[in-house]
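Below is one structure; the comments refer to it alone.
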Amino acid sequence: MATQHKQIDQQTLENLLYLSRLSPESTDMETLKKQVDDIVGYFDILSKYDDSENPYDAYPSTEADKLRGDTVVEGLEMADVKKVSKDFMDGYFQVPKVLGEGA
């Protein structure tokens, strides 16, 4: 990649090393500087693209009148709930254990 973009200076590189918890002894500074310069160059390439378009235009919009109404309806009676399963006791459904060795 041609490096026609602004390159980072020594102080910025040292700040990046500090933030990333790297020591100058643990890495080759020339290689790291070239890699960081390349990354900055990628941002220069990305900034050339037009981003004035609204990103939310790609998603379908939802109109409020298409949603269901917020109305309260009567729930099930306890006798009807008991008919749903034979494993209903004391207001609860008995279900298989999901925690432990089988999970």
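The values are calculated or read from the model by the stated rules, or taken from the named source; none is laboratory data. Keep in mind the model is a prediction, meaning the values are calculated, not measured. Ligands, DNA and RNA are excluded from the accessible area calculation, which covers all protein heavy atoms including side chains. Shrake-Rupley method; radii C 1.70, N 1.55, O 1.52, S 1.80 Å.
Quick notes
- Taken over the stretch 82-98, the criterion of being over 36 Å from the mean Cα position of the chain (by Cα) and among the aliphatic types (A, V, I, L, M) is satisfied by Val84, Met89.
- Residue count for the stretch 85-100 satisfying the condition of being assigned to a loop (DSSP other than H, G, I, E, B) and open to solvent by less than 100 Å² (accessible area, probe 1.4 Å): 4.
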